[in-house]
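Only the coordinates and a few stated rules stand behind these numbers; no lab work does. These figures come from a predicted structure and were not determined experimentally. All Cβ positions, even for glycine, are placed from backbone atoms using ideal geometry, and neighbour counts span all protein chains on display.
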Amino acid sequence: MSDVSTDRPHRRFNPLTGDWVLVSPQRTQRPWQGRTEAAAGAKRPAHDPHCYLCAGNQRAGGATNPAYTGTFVFDNDYPALMTADDSRAPATPSGDTPLLRRQAVNGVCRVVCFSPRHDLSLAELSPAEIGAVIDTFAAETATLGQRHAWVQAFENKGEIMGCSNPHPHGQIWASDTVPNEAAAEDRHQRAYAAASGSSLSWTTLASSASAGTASSMRTTASWRSSRTGRCGHSRR
């Protein structure tokens, strides 16, 4: 590692994308008079009869949720991606030019309710319940990955991040194209593996740990979580 001060402006190399990223740590010292978020309000009920995701309730699209007791997965009623045969999908406009081009994108969007409890977040579930969420994400990713080029599982956390419902839930997007960032990471990881015979992700984590800047949050015999990790799957 170089002796560049981490308290001054500097660039950091992202080996997954090949990009250099500007870091300006001193900016955190500037005075802030912009928007601030209020603390969370009163504790939510275990079941909210007006929540579209609670067990037994009717969703905004008209379907009724079953009386689920664990995780619950359903196709998003307002998806960002649609299958080719979805009657709601508009036709791709014609009249493209070499510089102004458009392509149809097909895919599936699913919602994963982590628990029937409306008042709990993912972090507040029991270890067994969190394990069930991970297993659900893994199973859905494996199934969708059989017929889609890219599958990404994620959770929007908080209103400011675009979460439209406080009920504990995440999403899975599967598409027939690989996003730009993921495609770049795929290229660089394949190139690194071909040149070195090792995994770029694991080597980066090991280098961070030895340098004292570990991005690994927790490591066990069979699991490692990382702040730099991406929960996604590419079939490429």
Give, in nm to one decimal, the length gained when the segment between Asn180 and Arg35 is fully stretched (0.36 nm per residue of separation minus the Cα-Cα distance). 49.1 nm
Provide the FRET efficiency to the nearest 0.05 for the Ala84-Asp135 pair, computing r from the beta carbons and using R0 = 30 Å. 0.50
Per residue of region 153-170, what does 6.51 cos²θ - 1.76 cosθ + 1.60 with θ = phi - 60° give for ³J(HN,Hα)? Whole Hz please, x for Gly and Pro, Karplus curve as stated. 10, 7, 10, 7, 10, x, 4, 5, 8, x, 6, 8, 8, x, 4, x, 7, x
So, with points 7 Å from each Cα along the Cβ direction, the Glu159-Ala104 label distance in nm works out to 3.9
Toward the positive end of the charge dipole of region 1-150, about the Cα centre and with charges on Cβ (Lys, Arg +1; Asp, Glu -1), which of Ala142, Leu16, Pro49 goes farthest? Leu16
Here region 47-63 yields Karplus 3J(HN,Hα) values (6.51, -1.76, 1.60; θ = phi - 60°; whole Hz; Gly and Pro given as x) of 9, 10, x, 9, 7, 6, 10, 5, 4, x, 8, 7, 7, 4, x, x, 6
What are the chymotrypsin sites (Phe, Trp or Tyr not before Pro) within region 49-117 that DSSP puts in a loop, where the Cβ has at most 13 other Cβ atoms within 10 Å? none
Spelling it out for Met82: with amide H atoms placed in the peptide plane at 1.01 Å from N, the residues 5 or more places away or on another chain with amide H under 5 Å from its amide H are Gly107
Enumerate the amide H contacts of Asp19 below 5 Å, restricted to partners 5 or more residues apart or on another chain; note that Pro and chain-start residues carry no placed amide H. Asn14
Once the Cβ-Cβ distance between Arg8 and Asn76 is put in as r, and R0 is 41 Å, what FRET efficiency do you end up with, to the nearest 0.05? 0.35
Once phi is turned into θ = phi - 60°, what whole-Hz ³J(HN,Hα) does the Karplus curve with 6.51, -1.76 and 1.60 give for every residue of region 68-78, x standing for Gly and Pro? 6, 10, x, 7, 9, 10, 8, 5, 4, 6, 10
Want the number for Val21 to Thr97: 0.36 nm per residue separation, take away the alpha-carbon distance, what's left? 24.1 nm
Between Thr71 and residues 5 or more places away or on another chain, which pairs have amide H atoms under 5 Å apart, with H built 1.01 Å from N, and which residues are they? none
